[in-house]
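K.L.:
Here it is: the structure, laid out below.
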Amino acid sequence: MRIAVVGAGGVGGGYGAALATAGADVTFIARGRHLAAMNSEGLRVESPRGDTHLQPTRATDDPASVGPVDIVLFCVKLWDVETAGAAIRPLIGSGTAVIPLQNGIDAAERLVAILGEAAVMGGVANISATIAAPGVIRQTGTAMRMVFGELDGKTTPRARAFAALCAQAGIDGVLSTAIRTDLWMKFILLASNAGIMALARLPVGKLRDDPDIAPWFAAAYEEVAAVGRAAGVALPPDAVARTLDFTRNAPPDLMASMAVDLLRGNRIELPWLSGKVVTLGRVHDVPTPVHAFIHSMLKPYTMGRPD
C-alpha cells in the first residue's frame, strides 16, 4: 500500500514510521531542517514502545514527485489545512483516501471543499508525540491508536484494507461507522486539556490531582459536550465520565501539543479549539464561560510569543 504522510511531526512521524516498518511504501511530505535531517540521517522515533530508526527515509517537499497514493495521512497544523490541501492534489487518485488527523473537528469538511467528498475520510489520532529535534520524534506513553471511517458511515474496501495494515504495524486501528461522534469525543478532551495545560504551562500530572484545578477539567468537558449535543452530535450519555477517566489515567508527563507550542513560542491552534467551542456555543445558544476564559487569556499568544 502506498501512503503519503503530509506533515511529519509527532503524529505523522509516529504513525508513518510504524507503517513503513510494517512494509508499507511510505513517503513523508515535510520541509525545512526536519526534511533535511530525514533525508540525510533517516527518521528516528524514541518511544516506550521501542525505538525505531527508519533509514533510508523517503521524504520530499514536493507532492507532485510522489504521484497518486492509496492513503494520505494529513497531519499539518490546523492553520495550514487549506494551503496543504491544495498542494496535495497530485497525490489524489480515483480511490485515494485522505485521512485528516488534526486536532479540532472541522478539518474533514474543509478538505472536502478542496478535494471533493469522495477523497476524504474522517480521522482521530490518539498518540502523544512531538519533534524532539530535526529528524527525531519523541513519544510520551505507549498509546498509538487511530480511529478512521468514511464520512457517510459506510464500510468500504479501502477502509478495511487500511485497518488491516494498521494491525500489521502495531497501530490500534479502529474502523468507525460513526466518525463524527468519535471526532467530538476527542474534541471534548483535546479542546479542554490543551487550553488548561497551556494556561498552566504544565503537564497533566501536575494539574489533575490538585483540588483547586481538577473541577475545571470537568467543567470544560461539560461545555464541549453540551455544544456538541446542541449541534446534533450523537454523544454517549457518559461522554464526560469517559473523558475524565482518560485524564485521570493519562501518563503524568503528557503535555498537549498546544501547550508545547506555547512554551516554544510558536503559533497555537487556539481558534480551532477553545475558540471553536465559544463560536459554536454562540451559534447554538450554549453558555461556554470556561472556554471563553481560556480563549481570552491565550488569545495574545495565538500567533506566537507576543513582542
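The values are calculated or read from the model by the stated rules, or taken from the named source; none is laboratory data. None of the values given here were measured: they were computed from a predicted structure. Methodologically, a virtual Cβ is constructed for each residue, glycine included, from the backbone with ideal geometry; neighbour enumeration extends over all protein chains shown.
K.L.:
Among ALA22, ALA108, which is the only one that is small (Gly, Ala, Ser), in the same structural domain as THR130 (by TED's automatic domain parsing) and over 14 Å from the mean Cα position of the chain (by Cα)?
P.N.:
Numbers: ALA108 fails: over 14 Å from the mean Cα position of the chain (by Cα).
From the options ALA22, ALA108, the qualifying one is ALA22.
Quick grid of which residues meet (1) assigned to a helix (DSSP H, G or I); (2) of a type in the set (Asp, Glu); (3) closer than 30 Å to ALA225 by Cβ:
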{"site": "ILE137", "(1), (2), (3)": "no, no, no"}
{"site": "THR142", "(1), (2), (3)": "no, no, yes"}
{"site": "ALA164", "(1), (2), (3)": "yes, no, no"}
{"site": "GLY173", "(1), (2), (3)": "no, no, yes"}
{"site": "LEU183", "(1), (2), (3)": "yes, no, yes"}
{"site": "SER192", "(1), (2), (3)": "yes, no, yes"}
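K.L.:
Return the pair list, or none, for Cβ contacts closer than 8 Å from residues in region 47-70 that are at pLDDT 95 or above to residues that are aromatic (Phe, Trp, Tyr), at least 6 apart or on different chains.
P.N.:
So the pair list comes out as THR57/PHE28; ARG58/PHE28; ALA59/PHE28; THR60/PHE28; ASP70/PHE162.
K.L.:
Same structure, new question: Any idea which of ALA220, ALA214, ALA225, ALA198 is more than 18 Å from ALA125 (Cα to Cα), without any contact (Cβ under 8 Å) to a residue 12 or more places away in the chain and small (Gly, Ala, Ser)?
P.N.:
ALA214
K.L.:
Applying the selection to region 270-291, what residues are charged (D, E, K, R) and either over 25 Å from PRO215 (Cβ atoms) or without any contact (Cβ under 8 Å) to a residue 24 or more places away in the chain (or both)? Outline the logic, then answer.
P.N.:
So the first thing to find is which residues in region 270-291 are charged (D, E, K, R), and the list is 276, 282, 285.
Correct list: ARG282 only.
K.L.:
Another question, if that's okay. Would you mind stating whether GLU222 is under 18 Å from the mean Cα position of the chain (by Cα), surrounded by 14 or more Cβ atoms within 10 Å (Cβ to Cβ) and closer than 15 Å to ILE294 by Cα? Can you show your working first?
P.N.:
Numbers: under 18 Å from the mean Cα position of the chain (by Cα): no; surrounded by 14 or more Cβ atoms within 10 Å (Cβ to Cβ): yes; closer than 15 Å to ILE294 by Cα: yes.
No, not satisfied.
K.L.:
Counting only residues that are farther than 25 Å from ILE268 by Cβ, give me the strands (runs of 3 or more DSSP E) lying completely in region 1-90 with at least 3 of them.
P.N.:
Working: elements: 2-6, 25-29, 43-46, 52-54, 69-74.
Ranges flagged: 2-6, 25-29, 52-54, 69-74.
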